[in-house]
Structures are given as C-alpha cells and as structure tokens.
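Structure first, commentary second.
Throughout, read-outs are computed from the coordinates displayed, never taken from laboratory work. This is a predicted model, so every value here is computed, not measured. No Cβ is skipped: glycine too gets one built from the backbone with ideal geometry, and neighbour counts run over all protein chains shown.
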Amino acid sequence: MARHLPAFLIHKRIMIPSDTESSHESSRNSSGNRQDSETPRTHCIRCGTCCLKGGPTLHLEDRDLLAKGIIKRSDLYTIREGETVFDNIRGNASALAGEIIKIKGQGKGYSCIFYDECQKGCRIYENRPVECRVLKCWDTKDIKAVSGKNRLARKDLIPPDNPVAQLIAAHEQRCSYLALEKLIERIGGPDANETLDKVIEQLQFDHHLRSVVVERSPLANEEMDFLFGRPLATTIKMFGLQVRQKDKGFLLTPIAQ
C-alpha cells in the first residue's frame, strides 16, 4: 500500500543529539572554561563533565580492550558512514565519512556506560580507551591530535570470512545512508508513492534483520547496535522524518517543525 507524505516536505539533514564524533572535545566548554576567572586548572578535579557528555570514540589502539573482555561488543554502538554527526573540533555538522564505534550511554541518557556517578569515577579507569587517557579539558591539544585518526571500525574486529561480516555487508548494501538519502530526496516527486514504499522496505529490512539474527544465533540483542548501527527507525529523524509502527508495519511522517 502506498504511503503519502505532504508535498511540502523539504528534505534536509538535522542532528540527533547524541551523534558527536568526539564528545570529549566538547567537555572543555562546560568544565575547562569555568576556570577562566580562577586559578588555571592543571589536573582533573573529577567533576565528571567529560563522562556525562557521552562515551569516547574507539581507536585501533583500543582493540586490546575488547580482546581482553574489558569492553564488550554489547557496550558499543556504530555510527555508520553517512550519518549526520557534529564535529566538536570543527564546530559543524556533516555526513560522517567512514564509520566510528563509540561506547554507549547509560539507559536513554548520554553518560558513558562505565561512569560511576556516585564515585565520580570510571569503572575501567586503569584500562580506559585512548581518547579518555589523552583528554585534558584544560588543554585540548592531545585530544585534537588523536581525533579522527586510526579510528576503529567493525572490519577491524570481525574477520571477513565470519558469517557476521557477511550479514553486515548485506545490511550495508540494502540500508546504506547514501541510498536512503537518495530515496528521500525523491519524496514529493512524480514517483512519490513508489519511493515511499522503497524507504519503508529499507526500514523493515533493518528491523527484521536484527530480530532474525537475535532469534537464530547466539548473538545478543544488545550487540545489534554495534553490528548494524542504530536502527533506521531512529536515525531517519536526521532527514526530518519519523517512524511509527502500525499494524505490524511502519508509518512514515514528517517531523513537525
């Protein structure tokens, strides 16, 4: 059945609040700069600001943390190529080139999953990722030096002959953001109904693939955001659209301005 959207829907990218390439870089604005009128900071005062703003992006150097089980795949999520992210260093939002892997937040919040707010400390401090080790909110040159370099990707953790890698490849082929954006750009055109059906097909494939993998393999549901990125039904908001499930299907509507 064809789905209809208002003809005045204008395609544009918007930000999803948690999509940052390096949440640590932004922490200096709310913690480091508070010292401007006081004695310049020279050490961490355990305010927790950097950890409360989200987990770090992982780098190749962090692979050992997963190999040793200190960080698990269920602790991670992937921001895939083409997702809109905010670059805290450059101060602008853009489509991500390549992909990045980040540590999840706690529940629906942004606080790093390893942050202990009661103790004002990190649960894996002695084995924290490289971005956490180099971060000094009072002096950001070290975090700037590593930002954007040697980032960890799923291919660095999953061998190409692993069946899971093949599932990831199939998902990327069917559900890439480049393909999705091209479809959304055609909404409102002469083939709007057909285009909307194709968008819905992508949403359904993304949704059902996760369900089938969890049902038919030993992989946990908590690993799906690492393996396939966050659900398209969530990230499609960056295109100004929202999804509701109706009668076991999807209803696509524009986000109210």
Which entries in LYS102/LYS149; LYS68/LYS141; LYS68/LYS102; LYS104/LYS149 show an alpha-carbon gap greater than 26 Å? LYS68/LYS141
How much FRET efficiency would the formula 1/(1 + (r/R0)^6) give for SER211 and ASN150, where r is the Cβ-Cβ distance and R0 is 35 Å, rounded to 0.05? 0.55
In debye to the nearest 20, the charge dipole size for segment 200-252, taken about the Cα centre with +1 at each Lys and Arg Cβ and -1 at each Asp and Glu Cβ, equals 220 debye
Can you give the extra length, in nm with one decimal, that the chain gains between ASN162 and ASN92 once fully stretched, where that is 0.36 nm per residue apart less the Cα-Cα distance? 21.5 nm
CYS47 to LYS68: FRET efficiency via 1/(1 + (r/R0)^6), r the Cβ-Cβ distance, R0 35 Å, to the nearest 0.05? 0.75
For segment 163-254, with only Lys/Arg (+1) and Asp/Glu (-1) charged at the beta-carbon, what is the dipole magnitude about the Cα centre, in debye rounded to 20? 140 debye
³J(HN,Hα) computed for each position of segment 151-167 - Karplus, 6.51 cos²θ - 1.76 cosθ + 1.60, integer Hz, glycine/proline x: 6, 6, 10, 4, 5, 7, 10, 10, x, x, 8, 6, x, 5, 4, 5, 5
Separation of the THR39 and GLN242 label points, Cα + 7 Å toward Cβ, nm: 5.0 nm
Please list, or write none, the lysines whose alpha carbon is within less than 22 Å of the alpha carbon of LYS108, excluding same-chain residues fewer than 8 places away. LYS53, LYS72, LYS120, LYS237
How would segment 206-257 be classified by its alpha-carbon gyration tensor: rounded, prolate or oblate, with rounded meaning a/c under 1.5 and the a/b versus b/c comparison settling the rest? oblate
Cα extents of segment 90-202 along the principal axes, largest first, in whole Å, come to 56, 38, 30
Applied in sequence order to segment 239-246, the curve 6.51 cos²θ - 1.76 cosθ + 1.60 (Karplus, θ = phi - 60°) yields integer Hz couplings, x standing for Gly and Pro, of 9, x, 10, 9, 10, 10, 8, 9
Go through GLY121, ALA153, ALA67 and say which Cα lies farthest out towards the positive end of the charge dipole of segment 23-156; charges sit on Cβ, +1 for Lys and Arg, -1 for Asp and Glu. ALA67
Where the Cα pairs of segment 23-156 fall when distances are cut into 5 Å bins, in %: 2, 10, 20, 24, 22, 14, 6, 2, 1, 0
